[in-house]
1. Need a quick list: strands (runs of 3 or more DSSP E) entirely within segment 98-173 having at least 1 residues that are under 22 Å from residue 230 (Cα atoms) and touching a Lys or Arg at 6+ places or on another chain (Cβ under 8 Å).
2. Being of a type outside the set (Phe, Trp, Tyr), under 30 Å from residue 15 (Cα atoms) and outside the structural domain of residue 69 (by TED's automatic domain parsing) is true for just one of 200, 121. Which residue is that?
3. Among all residue pairs at least 6 apart or on different chains, which show Cβ distances below 9 Å where the first residue, located in segment 146-162, is farther than 14 Å from residue 194 by Cβ and the second is modelled with pLDDT of 95 or more and of a type in the set (Lys, Arg)?
4. Condition test on residue 128, is it more than 12 Å from the chain's Cα centre (by Cα), surrounded by 21 or more Cβ atoms within 10 Å (Cβ to Cβ) and among the aromatic types (Phe, Trp, Tyr)?
5. Can you go through 52, 11, 25, 40 and tell me which one is within 23 Å of the chain's Cα centre (by Cα), modelled with pLDDT of 90 or more and within 22 Å of residue 119 (Cα to Cα)?
6. Looking at this structure, is residue 139 surrounded by fewer than 18 Cβ atoms within 10 Å (Cβ to Cβ), in contact with a His (Cβ under 9 Å, 6 or more places away or on another chain) and at pLDDT 95 or above?
7. Checking the conditions here, which among 107, 63, 79 is under 25 Å from residue 182 (Cα atoms), among the small types (Gly, Ala, Ser) and at pLDDT below 90?
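The values are calculated or read from the model by the stated rules, or taken from the named source; none is laboratory data. Everything numeric here is computed off the predicted structure, so don't read it as measured data. A quick note on method: Cβ atoms are made from the backbone with ideal geometry, for glycine too, and the neighbour counts reach across all protein chains shown.
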Amino acid sequence: MEGGQRLQKVLARAGVASRRKAEELIRAGRVTVNGRVAALGDVADPGDDVRLDGRPLPRPERSVTYLLHKPRGHVTTASDELGRPTVMDLVPAVPGLHPVGRLDLDSEGLLLLTTDGDLTLRLTHPRYRHEKEYRVWTDPPDVSDEALARLTSGVTLEDGPARAERAERAPGGAVVVLREGRKRQVRRMLAAVGHEVVRLKRTRVAGLELGDLPVGRFRELTAAETAALASGDPLV
């Protein structure tokens, strides 16, 4: 199978898993190429019969990436055992479409969904350090210069140190920019400096701005936007 693409990339491009998850699927013996159980490091040529759990990989005509203005009260999963609304209820049913990262149930703002596993890896893996910008409203609402300085110099959370790339005062709270995305990180960082977050809205991911997109609505990224995200180039 020389000259083809590595299987984890093939699975990621099909939208069935991130590259890291695809490696786990291959190690578990769940992937076959032309009827042979694949091993990590194998590649596949165009036209090869690649299957996951005995089923052919989906072959979307092209990758699709949506920018959604996630409302509060929607969970960032494909389905929810408690019957709560999910972000997938707000976008078209496209095979392989999945959220890129997460926004908490009670958070809102910019959320990307894509069929492109490579793009998911580039936007979520820590080594790429994409900026994410959050507008937060807090209680108490006045965030002091000292608290802002602590956010940018670093605070200690239960899962280790955390530091904001930037933190600026805004009416009723602050604007916080991170280059990582741990669970409820912004809320926990603000709590560490004495402020409860009462509302959180993500307004930017890398160079993509939420802008004036209405709550609950989505738009498809342009080819230029998708290419810039994939390459790491700034969006202008």
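1. Working: elements: 108-114, 132-139, 155-157, 160-162, 166-170.
Fully inside segment 98-173 and qualifying: 108-114, 132-139.
2. Numbers: 121 fails: outside the structural domain of residue 69 (by TED's automatic domain parsing).
Result: 200 is the single residue among 200, 121 that is of a type outside the set (Phe, Trp, Tyr), under 30 Å from residue 15 (Cα atoms) and outside the structural domain of residue 69 (by TED's automatic domain parsing).
3. The qualifying pairs are 152/163; 152/166; 153/163; 154/163; 157/188; 158/188; 159/188; 162/188.
4. Working: more than 12 Å from the chain's Cα centre (by Cα): yes; surrounded by 21 or more Cβ atoms within 10 Å (Cβ to Cβ): no; among the aromatic types (Phe, Trp, Tyr): yes.
Against the criterion (more than 12 Å from the chain's Cα centre (by Cα), surrounded by 21 or more Cβ atoms within 10 Å (Cβ to Cβ) and among the aromatic types (Phe, Trp, Tyr)), residue 128 does not qualify.
5. Details: 52 fails: within 23 Å of the chain's Cα centre (by Cα); 11 fails: modelled with pLDDT of 90 or more; 40 fails: within 23 Å of the chain's Cα centre (by Cα).
After ruling out the rest, the residue left standing is 25.
6. Numbers: surrounded by fewer than 18 Cβ atoms within 10 Å (Cβ to Cβ): yes; in contact with a His (Cβ under 9 Å, 6 or more places away or on another chain): yes; at pLDDT 95 or above: yes.
So residue 139 fits the description; yes.
7. Exactly one residue qualifies, and that residue is 79.
Residue by residue, here is whether (1) over 15 Å from the mean Cα position of the chain (by Cα); (2) buried (at least 18 other Cβ atoms within 10 Å of the Cβ); (3) assigned by TED's automatic domain parsing to the domain that holds residue 159 holds:
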| residue | (1), (2), (3) |
| --- | --- |
| 180 | no, no, yes |
| 183 | no, no, yes |
| 188 | yes, no, yes |
| 191 | yes, no, yes |
| 223 | yes, no, no |
| 227 | yes, no, no |
